[in-house]
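First the structure, in the form of structure tokens, and then the observations on it.
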Amino acid sequence: MIPNTVYYVISAVLVLGVLIGISMMSKVKSANSGNTLSAVCALAAILVVMYNAEILTAWQAWLGIAIGAVIGLFGAVKVKMIEMPQAVALLNGLGGLASALVAILTIAQVTDATPNKLFALYTGALALVVGFVTFTGSLVAAGKLHKLLPQKPVVWPAHSAIVAVTLIATAAVVVIAPECMWLISVLSAFFGMAFAIRVGGADMPITISLLNSLSGVAGGIAGIAVGDPLLVAIGGIVGASGLLLTQIMCKAMNRSLLSILLGGKAKKAAAPSVKAEEKVQAKTEEPAGVTVDTVLNTAKKVMIVPGYGMALAQAQSAVKSLSDKLEASGVEVKFAIHPVAGRMPGHMNVLLCEVDVPYDKLYEMEAVNGEFAECDAAIIIGANDVVNPAANTAEGTPIYGMPVLNAAEAKNVIVCNFDTKPGYAGVPNPLYEAPNTILMLGDAKETVAQLTAAIGAAAASAEEKADTVSVGSVLGSAKKVMIVPGYGMALAQAQSAVKSLSDKLEASGVEVKFAIHPVAGRMPGHMNVLLCEVDVPYDKLYEMEAVNGEFAECDAAIIIGANDVVNPAANTAEGTPIYGMPVLNAAEAKNVIVCNFDTKPGYAGVPNPLYEAPNTILMLGDAKETVAQLIAAF
């Protein structure tokens, strides 16, 4: 056992390490290191506590650690970024459950001979309450986020009275009979479920932040119950940081935490005079004299507003391509991030940084809201309530008084949302009917790809225009298409765009197959891994031997970043590195569309005559962009 003074010093050092790690997370360059430092300190804290409790040699403890590590690693690999909010909610719940189990053991060990018996009972009971409230509340939050439970508020008859009675009953049992841990557990678990079930999806980021705080509070109280200052300190850090974040987000929504948790029903906004379907039909055409092409090709400053719809469509890569192409055209681009956009704090930041959008281009609402009036275009991607001007005028609605992004003040507004239905708050968005708004409805990944393809389109040469028309006619009339991926697809990270192209072709009744050369890429199965990563069905991936005889039947072969593996010179150019190498017979297709970066020879250094064939259409440049142009062409 470690002497108390030494244990306190070690605890202080580990807590300081966690705090330094949290501080480092505020900067992009040091965020990963900060996360690692905090994790290492947390692991060290576990080992120190085990040593101090003289259970370092207990195999049961190591078995528990091993099981937890396996589950954690499995989750880290399997959980998709879009599922991170519910994963965070679940982890909050597990933290609460751990504290509740510690409390149960603490109460169970109390006897008449226990020193400070009442203190142990009351701290244990309090930890039990907070732990189970956090556990069940987090399970409900995760269920709502994962669509296992209704995402809209669920309000029972006399809901507020039920919650109040449960809270009073729980407090009474804790005060009168703290040793009745099973009754306390049931009441607390029910209370957690009751308060979380009536929180709507739009308020879920604040709820998760609060539950995160409660998990820390539960841990801190459990630390008091077992007399461990290290657990108290770490729990206090989590509780305080979560509570601060909750307050910041409540302030950003101009709502009190109590109003969110009580889920009070506000009056619904007046129904729009036009049905949603009619609005979509009416707004599918651009306003007179204004087109996406002219707006984007004449813009000097553009603000991009991401929302939860971007996360649902997994369109962040397409958004990055759009931003890059705008900047390459000399446009100033900024991202405006609303504090409650998405389903957890920082959701949009995480998704955009995942695709290497520079962090210094992400601006908080307060820092950038005054700049919308200077913007030639505001591009909204899957955002609704956070840009809804009705928040300033529609009294009695859930969003009234909530600060929103002033996207409506931009000279032009391009909306890439799935439809024009109200957001989670249920308030119709007048922005959709504004005269300066262009609606690009549907899957955000596809509509953003169309925006990217529109940039520079007006300046295309006659030859390029002819190619575009040719591409549209080829793909529009095709019955069978073979897609040939190569290393250039990997370099451009174009696999998501290729999946979108394949989906659109199939939706048009085209038979699509992927022809995989065994040495395409930089490792065996490289193309298979990339395509399966974006959910291309494995049964659509064909090895060369199985599909090479079908190219002659194809209306089009689309080559994405492949060169040597489709080079017909392998059959004729004696003395070259590829002579005699089996290649894919893409040249035999009726039409060949090449989406390569340029026409330079591949790694073998052998010029590719396919580029000059009369049935070849060249779509040169970044594969992600050229594939987006293909999608937009038919």
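Data table
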{"read-out": "Contact order normalised by residue count of the chain, Cα under 8 Å, 6+ apart, percent", "value": "10"}
{"read-out": "C-alpha long axis of helix 204-226 to longest principal axis of the chain, angle in °", "value": "40"}
{"read-out": "Helix 181-197 vs. the chain, principal-axis angle (Cα, 0 to 90°, nearest 10)", "value": "40"}
{"read-out": "Nearest-10 value in Å² for the accessible area of I20, using the 1.4 Å probe", "value": "80"}
{"read-out": "Alpha-carbon gyration tensor eigenvalues x 5, square-rooted, for region 489-543, Å", "value": "19, 13, 9"}
{"read-out": "Pairwise label distance in nanometres, I248 with M25, each label 7 Å out on the Cα-Cβ vector", "value": "1.1"}
{"read-out": "Rg over Rh, two decimals, region 37-86 (C-alpha only, Kirkwood Rh)", "value": "1.10"}
{"read-out": "Accessible area in square angstrom per residue, region 546-634, 1.4 angstrom probe", "value": "41"}
{"read-out": "Region 1-144: C-alpha gyration tensor shape, a/c 1.5 cut-off, then a/b vs b/c", "value": "oblate"}
{"read-out": "Residue-normalised accessible area of region 7-165, given per residue in Å² at a 1.4 Å probe", "value": "58"}
{"read-out": "Exposure of H338 as accessible area (Å², to 10), given a probe of 1.4 Å and all protein chains", "value": "0"}
{"read-out": "Carbon/sulfur fraction of accessible area - the chain, other protein chains in place, 1.4 Å, %", "value": "64"}
{"read-out": "Mean separation of Cα contacts under 8 Å, 6 or more apart, over the residue count of region 475-634: relative contact order %", "value": "27"}
{"read-out": "Descending principal axes extents, the chain, alpha-carbon based, whole Å", "value": "95, 64, 39"}
{"read-out": "Unsatisfied cross-links (Cα-Cα over 26 Å) in the set K251/K320; K479/K540; K78/K361; K513/K624; K325/K504", "value": "K251/K320; K78/K361"}
{"read-out": "Relative contact order for region 517-591, counting Cα pairs under 8 Å that sit 6 or more residues apart, in percent", "value": "33"}
{"read-out": "Under-5 Å amide H pairs with I483, H placed in peptide plane, nonlocal only", "value": "K513, F514, A515, I558"}
{"read-out": "Accessible surface ranking that places the most exposed of F418, F119 first, with a 1.4 angstrom probe", "value": "F418, F119"}
{"read-out": "Distance (nanometres) between label positions extended 7 Å along Cα→Cβ at L183 and L148", "value": "3.1"}
{"read-out": "Interchain or long-range residues, amide H under 5 Å from A377's placed H", "value": "K301, M303, K411, N412"}
{"read-out": "Derived scalar couplings ³J(HN,Hα) [region 599-610; Karplus, 6.51 cos²θ - 1.76 cosθ + 1.60; whole Hz; x for Gly, Pro]", "value": "9, 5, x, x, 4, 6, x, 9, x, 9, x, 4"}
{"read-out": "Helix-derived mean residue ellipticity, 222 nm - over the chain, DSSP H n ≥ 4, -39500 (n - 2.57), to 500", "value": "-16500 deg cm²/dmol"}
{"read-out": "FRET efficiency, 1/(1 + (r/R0)^6) with R0 30 Å, evaluated for N35 and M1 via beta carbons", "value": "0.40"}
{"read-out": "Accessible area per residue in Å² at 1.4 Å probe, computed on region 358-461", "value": "37"}
{"read-out": "Region 299-364 - charge dipole about Cα centre, Lys and Arg +1 at Cβ, Asp and Glu -1, debye rounded to 20", "value": "200"}
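The values are calculated or read from the model by the stated rules, or taken from the named source; none is laboratory data. Nothing here was measured: the structure is a model prediction, and the numbers come from that model. We place every Cβ from the backbone using ideal geometry, glycine too, and count neighbours over all the protein chains shown. Keep in mind that these areas ignore ligands, DNA and RNA; they rest on the heavy atoms of the full protein, side chains included. Shrake-Rupley method; radii C 1.70, N 1.55, O 1.52, S 1.80 Å.
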